[in-house]
Amino acid sequence: MGFIALIFALLIEQGRPLPANNLAHRFITGLAEFVRGSTDAGQRQHGLVGWLVVVGFTLGVLVALDRLAAALHPLAQFSLHVVVLYFTAGFRQFSHAFTEIQVALAADDLPGARRVLERWLTDISPDDRIDMPARDAPVEVVCRLAIAHALVAAHRHVFGPLFWYILLPGPIGPVLYRLAESLARRWASPITQGETRVVEPYGRMAELAYRVLDWLPVRLSAAGFAIVGNFEDAIYCWRGAVSAGTGSEQRALLLATGGGALGLRIAEAELEARWASGEQGFEWQGVSPDASGLRSAVGLVWRSVILWIGLYAMVSVAAWLGQ
């Protein structure tokens, strides 16, 4: 049932994209703000209490609904899985901005592409430490930032939820992952103290929980990029990131491996400098991305999706035959 529910959810999401300010998003945002306002006393242990309250309450309601649906009819439980996957996994939650940039560049509308990119990065730059491009940024910078964030977003919106849906029973997995990602993004956003950006104590628990839950999925996403792309360059860049001490950073690992798989330099100069200073020494020579690099990135993501969905299908068939 899980595999079929996933296919249904992805097809529905392609035909009817999930709005950004949807009911589930508003509910989780309101709950997170209410809990933080009630429990935040500036201590890390209070962040643990708040995280457990939000996650525990949401998953408790979900488990109750899943059991109720199973008791009513298998079709009701199947529908619940489709709804949960529709709200937690899918391309259209991030691909519209990437597509608009592609269309603008194809029409030689670089200012339009810059505006779309700026609007896109405004929503995520506090969490991913992405600097806003200059108003006169060249096409290489626009393409680099668009590809970089598209790879990270594909992991967070597709590969991460898919991994936890396969691993945990029922709809618990993708909801747990998306809750952890949402709370880390909302509670662990860095603040500026002088020239240093730090995370408040309350948000550190949310950040740690998301890193733990994402440790294996992000490496599987990176492995998928390597398998369906340029394997040797992807693994070389992965090793360069690890030797420089950035292999445990979600974004750094995805950009290193994704860039190597595409043969493009999509990481910031600061990251590449850190990789070059590692024990291995980072001497990989990729090319600067252009509009064709956007198409290559789309192909890389789709091939990765087909890879992991195909593996999930084989596991599902093997489990069915073994019954």
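Evaluated against (1) within 20 Å of residue 175 (Cβ to Cβ); (2) out of contact with any Ser or Thr (no Cβ under 9 Å at 6 or more places or on another chain); (3) not hydroxyl-bearing (Ser, Thr, Tyr), residue 11 falls short on exactly one condition, (1). Of the residues 64, 76, 41, 71, the single one that is over 16 Å from residue 157 (Cα atoms), over 20 Å from the mean Cα position of the chain (by Cα), surrounded by fewer than 17 Cβ atoms within 10 Å (Cβ to Cβ) and modelled with pLDDT under 90 is 41. The set of residues in segment 15-38 that are in a helix (DSSP H, G or I), under 23 Å from residue 157 (Cβ atoms) and among the basic types (Lys, Arg) contains only 26.
In the condition set (1) at pLDDT below 90; (2) within 20 Å of residue 177 (Cα to Cα); (3) surrounded by fewer than 18 Cβ atoms within 10 Å (Cβ to Cβ), residue 93 is compliant with all but (3).
Applying a threshold of 9 Å to beta carbon distances and a minimum spacing of six or more residues, or different chains, the list of pairs starting in segment 135-161 at a residue that is outside any helix (DSSP H, G or I) and ending at one that is of a type in the set (A, V, I, L, M, F, W, C) reads 137/110; 137/117; 137/145; 138/110. Restricting to segment 208-217, name every residue that is touching a Phe, Trp or Tyr at 6+ places or on another chain (Cβ under 8 Å) and either buried (at least 22 other Cβ atoms within 10 Å of the Cβ) or farther than 13 Å from residue 308 by Cα (or both). Answer for segment 208-217, where residues must be touching a Phe, Trp or Tyr at 6+ places or on another chain (Cβ under 8 Å) and either buried (at least 22 other Cβ atoms within 10 Å of the Cβ) or farther than 13 Å from residue 308 by Cα (or both): 209, 213, 214, 216. Here residue 224 passes the criteria (1) of a type in the set (Gly, Ala, Ser); (2) surrounded by 17 or more Cβ atoms within 10 Å (Cβ to Cβ); (3) at pLDDT below 90 except the one numbered (3). The residues of segment 224-265 that are farther than 20 Å from residue 143 by Cα, assigned to a helix (DSSP H, G or I), β-branched (Val, Ile, Thr) and without any contact (Cβ under 8 Å) to a residue 40 or more places away in the chain, listed by number, are 235, 242.
Exactly one residue among 64, 69 is within 27 Å of residue 13 (Cα to Cα), in contact with a Phe, Trp or Tyr (Cβ under 9 Å, 6 or more places away or on another chain) and part of a helix (DSSP H, G or I), and that residue is 69.
In segment 83-90 there is at least one residue matching the filter, namely being assigned to a loop (DSSP other than H, G, I, E, B), surrounded by 18 or more Cβ atoms within 10 Å (Cβ to Cβ) and of a type outside the set (Ser, Thr, Tyr).
The values are calculated or read from the model by the stated rules, or taken from the named source; none is laboratory data. Computed from a prediction, not measured in an experiment: that's the story for all the values here. Don't worry about glycine lacking a Cβ; one is built from the backbone with ideal geometry, like all the others, and counts go over all protein chains shown.
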